[in-house]
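A short write-up of the structure that comes next.
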Amino acid sequence: MPILLDGEKTAQIIKNELKEEIKKAGLRPGLAVVLVGKNPASRVYVRHKKKACAEVGIKSFSYELPAETTQYELMELIEKLNLNKKIHGILVQLPLPEQINEQKIIQSVDPKKDVDGFHPLNAGRLMLGLPGFRPATPLGIIELIKRYNLDLVGQHAVIVGRSNIVGKPLFQLLLSEHATVTMCHSKTKNLLEITKQADILVAALGQPRFIKKNMVKKGAVIIDVGINRLRSGKLVGDVDFDKVKNITEAITPVPGGVGPMTIAALLINTVEAAGCIH
């Protein structure tokens, strides 16, 4: 039987640890969550993040702005949050409405409060192996793998998907754990041949059940980042879970795998930003 990599359970352990760290430090970390517009998925994510903050003792500051908010107005708010000493982390929920330039907004966040790990300064520090905030989903994936004592050293990790949020930073994090890493994308030739070589296969491309059994090596560890809602309303990942699971060493479920770990990693970054973890 494969190991089911339980993100819910692991995230709860991390939250309990963070709660103790906050108590010991005697500080109250503050996280500002900025939501522009009424994107339903974003609203759900924000609600989960606020709930998790309350659970560990992080004070969340909520800023919900109308969809017609201008770039100047949003940047003005971020500048105020950068200067607010009660706020240690700033999270601007993506995607933003089309009139707002996401990169300019990301770059306007103080890198010391960039708990999303998206600022170019933190991205550069990750590339160079220097301390800094790591994007939450890749950090959560590494935490999950480590807490199940799965080996990364010398393993061939294949990532399908090259986004700035998951694929690219995860490439660097896996490399820093001494894995051999291959990144695939929509223009990759012979994808099936490459994925079948993977000791660790990460699916982060946003296509339901794209990774089939014939693309997976027996005994591989499968990390499914995708969350896709079918017409029936069912949530599925980028991996054909039911067909693939029995040939794996370990696999993440959807939901309940990478999602909770993303939120746990965001909390880790926020607690670090407040100086509760050194």
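Bear in mind these aren't lab numbers, they're just calculated from the coordinates by the rules spelled out. The shown structure was predicted, so the numbers you read here are calculated from the model rather than taken from an experiment. Here the Cβ is made from the backbone with ideal geometry for all residues, glycine too, and neighbour counts use every protein chain on show.
Descriptive notes on the structure:
- Backbone HN-Hα couplings from phi across segment 72-79 [Karplus 6.51/-1.76/1.60, Hz, Gly and Pro as x]: 4, 5, 5, 5, 5, 5, 4, 4
- Shape class of segment 136-259 from the Cα gyration tensor (axes a ≥ b ≥ c, square roots of the eigenvalues): rounded, since a/c falls below 1.5.
- Using a Gaussian network model of the chain in which every pair of alpha carbons under 10 angstrom is joined by a spring, one finds that among Gly161, Gly26, Gly206 the greatest mean-square fluctuation is at Gly26.
- J(HN,Hα) series, segment 127-143, from Karplus relation 6.51 cos²θ - 1.76 cosθ + 1.60, nearest Hz, glycine and proline x: 4, 8, x, 9, x, x, 6, 9, x, 5, 5, x, 4, x, 5, 4, 4
- Database remark: amide H of Leu5 closer than 5 angstrom to the amide H of Ile251, Thr252 (H placed geometrically; neighbours at sequence offset of 5 or more, or on other chains; Pro and chain starts carry no H).
- Derived scalar couplings between HN and Hα for segment 216-221 equal 10, 6, 4, x, 6, 9 Hz in order, rounded to whole Hz, by the Karplus curve 6.51 cos²θ - 1.76 cosθ + 1.60 (θ = phi - 60°), x for Gly and Pro.
- For the chain, built as a Gaussian network whose Cα springs stay under 10 Å, the top-fluctuating residue of Lys85, Lys49, Lys217: Lys85
- Fewest-first ranking of Tyr63, Tyr72, using other Cβ atoms within 10 Å as the exposure measure: Tyr72, Tyr63
- Simple rule: put +1 on each Lys or Arg Cβ and -1 on each Asp or Glu Cβ in the chain, find the dipole, and look at Gln197, Ile87, Ile222; the Cα lying farthest toward the positive end is Ile222.
- Theoretical ellipticity at 222 nm over the chain - DSSP helices of four or more residues, -39500 (n - 2.57) apiece, nearest 500: -12500 deg cm²/dmol
- When the Cα gyration tensor is reduced to axis lengths a ≥ b ≥ c, the ratio a/c is 1.5 or higher for segment 206-278, and with a/b not above b/c it is classed as oblate.
- Rounded if a/c under 1.5, otherwise prolate or oblate - segment 27-111, Cα gyration tensor axes: oblate
- Cα-centre dipole for segment 123-278 with unit charges at Cβ (Lys and Arg positive, Asp and Glu negative), debye to 20: 580 debye
- GNM remark for the chain: springs join alpha carbons under 10 Å apart, and the peak mean-square fluctuation among Ala123, Ala41, Ala136 falls on Ala41.
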